[in-house]
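Structure record follows, encoded as structure tokens.
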Amino acid sequence: MPTRLIKKVTGLFRNKSTSNTIATNEAPAPVVVSSPEPDSFPRVIKEEQHQIARKYLDDNAAKVVYRLLDGGHEAYLVGGCIRDLLLKKRPKDFDVATSAHPEEAHQLFKRSRLIGRRFKLLHVRFGRDLIEVATFRANHDSNDNENETLGKQSDSGLILRDNVYGTIEDDAVRRDFTINALYYSVADKSIYDFANGYDDIEKRTIRMIGEPDSRYREDPVRMLRAIRFSAKLNFTIEPATEAPIKPLANLLQDIAPARLFDEALKLLQSGHGEDSFALLKEYNLLEQLLPLTQQAINDPTTGKQAETLIINALKNTDRRLSQRKSVTPAFLFAVLLWQPLQNRMQALLKETRMPVYTAMQTAANEIISEQVKRIAIPKRFSVPMREIWELQLKLPKRHGHRAQQTLEQPRFRAAYDLLLLREQSGEQTDNLGQWWTRYQSASEDEKSNMVAQIKPTRQPRHSSPKNAKSTSGENKPKPRRRSRAKNDPRNQQA
């Protein structure tokens, strides 16, 4: 790396009133304030102390940083990737922060794409790898430009547009938690800490940068992020950061359902779903994301069984992810909304003469329509979710060729897994799950014998009304005779 670039990177942090202090192996002095002032002096942690070796960095992310530096811009690896490396974890992705505006950075990379309107970003692609590049942000009130196309907030404080750019110091203050305000320089291999995040990582503490109440109002999703980091990292949420979450939980209703879908997957399908679910309940956030699920859990009749089903499913999901097996949101939401579906379906059967299968389809339509108002479940997941539900009605029907036909359904395995979870949660199915477990591994002759031992049970298509008249015997309506047209040749005499 050229010496002039190293001087440029390290020279960013010079201050007239304070001399540059480089961290040593000695424990740093504790910082009293919980969030930095805009002009505070950054702490520099050298490689000897943080011990993040170059081999643990993503090569493609480093290439992006070097390209930006060679283009005359500042650039750093930032956020969760540095936090995870300090915790000896493998980062899921590597993000880059730069002084280059999105359009300027876009010109430096052939395989790149600008995305977003509320928060403009650059995606640089290397095969299947995607590196996200963000420009340093600044507070809206720190910019003299009154053009609302750059930054805009609602009357409640919610950020509607966040494209006001600034310096690295401004960007650090704009980040949510101290543990995410760490900037790694590939030039001198040092970490620049603007918010005392390095110490908070050692203390395993989640602390908001700035005043928590106003920061949550700016972006209510930060409440979900606090929960997610606490569950993922096994960190404690600092009391001042924790206090506003319950009172402000209803602000999540102002967030786009599509964005909440992504956040729900990060919470429940990233390997820490069981702990995340418990924290969502504790901080009254579950009812904002899944109101129908929360209602089912609160029901004194079905609540315990519904919650046990969800917890068992999340445990299985966490285990599969630890084994690097695939999971699908279709199954996750099929489990989360199973009890609400059953409650709605039973209500329809009591109120109408609707067939059971039609009642399930109608209930599914109503449940999904209500849920997407909070979390927008894409059609590519809601369709297989319906199929998993519908197979729950077909699994008990095993006589004749039905068992083999059900086994050959594309969603059979997911439906079978849901059946086992229902039994584990305490639902009585007359050992149906055990039968299907044997059937899948049985030979053709054994399958035939298993099916032959089942006595077909005929179920009513709908529930009979209380005052229904009998249709047997003399009360049975007579068939209606068809009248022939006058010009019908059968009416003409030979």
In the range 351-360, residues that are open to solvent by 70 Å² or more (accessible area, probe 1.4 Å) and part of a helix (DSSP H, G or I) total 2
Restricting to the range 107-117, name every residue that is outside any strand (DSSP E or B) and surrounded by fewer than 18 Cβ atoms within 10 Å (Cβ to Cβ). GLN107, LYS110, ARG111, GLY116, ARG117
Considering only helices (runs of 4 or more DSSP H) fully contained in the range 377-456, which possess at least 2 residues that are of a type in the set (Gly, Ala, Ser)? 412-424, 432-441, 444-452
Can you work out which of the residues in the range 375-397 that are touching a helix residue (DSSP H, G or I) at 6+ places or on another chain (Cβ under 6 Å) and basic (Lys, Arg) is farthest from LEU290 (Cα to Cα)? LYS394
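Go through the range 119-138 and count every residue that is surrounded by 13 or more Cβ atoms within 10 Å (Cβ to Cβ) and more than 17 Å from SER99 (Cα to Cα). Talk me through it step by step, then tell me what you get.
Step one: filter the range 119-138 for residues surrounded by 13 or more Cβ atoms within 10 Å (Cβ to Cβ), giving 119-126, 129-138.
Keeping just the survivors that are more than 17 Å from SER99 (Cα to Cα) gives 125-126, 129-130.
Number of matching residues: 4.
Please tell me if ARG222 is in contact (Cβ under 8 Å) with a residue 12 or more places away in the chain and touching an Asp or Glu at 6+ places or on another chain (Cβ under 6 Å). Steps first, answer last, please.
Values: in contact (Cβ under 8 Å) with a residue 12 or more places away in the chain: yes; touching an Asp or Glu at 6+ places or on another chain (Cβ under 6 Å): yes.
For ARG222, the condition - in contact (Cβ under 8 Å) with a residue 12 or more places away in the chain and touching an Asp or Glu at 6+ places or on another chain (Cβ under 6 Å) - is met.
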Cβ-Cβ distance below 7 Å, separation of 6 or more or different chains: which pairs start in the range 257-284 with a residue that is touching a residue at least 24 places away in the same chain (Cβ under 8 Å) and end on one that is open to solvent by less than 60 Å² (accessible area, probe 1.4 Å) and aromatic (Phe, Trp, Tyr)? LEU268/PHE277
Where residues in the range 228-251 are in contact (Cβ under 8 Å) with a residue 60 or more places away in the chain and of a type in the set (A, V, I, L, M), which of them is nearest to ARG319 (Cα to Cα)? LEU233
One residue is enough: does the range 54-64 have a residue meeting the conditions in a helix (DSSP H, G or I), farther than 29 Å from THR205 by Cβ, of a type in the set (Gly, Ala, Ser) and modelled with pLDDT of 50 or more? yes
ARG344, sole failed condition from (1) farther than 26 Å from ALA452 by Cα; (2) among the basic types (Lys, Arg); (3) part of a loop (DSSP other than H, G, I, E, B): (3)
Name the residue that is least open to solvent (accessible area, probe 1.4 Å), counting only residues in the range 73-103 that are free of Cβ contacts under 8 Å to residues at least 60 places away in the same chain and out of contact with any helix residue (DSSP H, G or I) (no Cβ under 9 Å at 6 or more places or on another chain). PRO102
Output the number of residues of the range 161-181 satisfying the condition of being open to solvent by less than 20 Å² (accessible area, probe 1.4 Å) and closer than 18 Å to SER230 by Cβ. 6
How do the pairs read when you match residues in the range 438-451 that are within 14 Å of ARG398 (Cα to Cα) with residues anywhere that are loosely packed, with under 13 Cβ neighbours inside 10 Å and not charged (D, E, K, R), using Cβ under 8 Å and keeping only pairs 6 or more apart or on different chains? VAL451/GLY400
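So which of ALA364, ALA415, ALA347 is closer than 23 Å to THR302 by Cα and open to solvent by 30 Å² or more (accessible area, probe 1.4 Å)? Write out each step before concluding.
On the way: ALA364 fails: open to solvent by 30 Å² or more (accessible area, probe 1.4 Å); ALA415 fails: open to solvent by 30 Å² or more (accessible area, probe 1.4 Å).
The match here is ALA347.
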Can you find a residue in the range 221-228 that is open to solvent by 10 Å² or more (accessible area, probe 1.4 Å) and in contact with a Phe, Trp or Tyr (Cβ under 9 Å, 6 or more places away or on another chain)? yes
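Only one of PRO247, PRO257, PRO212 is open to solvent by 60 Å² or more (accessible area, probe 1.4 Å) and either at pLDDT 95 or above or hydrophobic (A, V, I, L, M, F, W, C) (or both). Can you tell me which? Walk me through it before giving the result.
On the way: PRO257 fails: open to solvent by 60 Å² or more (accessible area, probe 1.4 Å); PRO212 fails: open to solvent by 60 Å² or more (accessible area, probe 1.4 Å).
Only one candidate qualifies: PRO247.
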Six or more apart or on different chains, Cβ atoms under 8 Å: show the pairs whose first residue is in the range 40-65 and closer than 17 Å to LEU85 by Cα and whose second is surrounded by fewer than 20 Cβ atoms within 10 Å (Cβ to Cβ) and among the basic types (Lys, Arg). LYS46/LYS189; GLU47/LYS189; ILE52/LYS189; ARG54/LYS189
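The values are calculated or read from the model by the stated rules, or taken from the named source; none is laboratory data. Model, not experiment: these values are computed from the prediction. Note: ideal-geometry Cβ built from the backbone for every residue, glycine included; neighbour counts use all protein chains shown. With ligands, DNA and RNA removed, areas are computed over all heavy atoms of the protein, side chains included. Shrake-Rupley method; radii C 1.70, N 1.55, O 1.52, S 1.80 Å.
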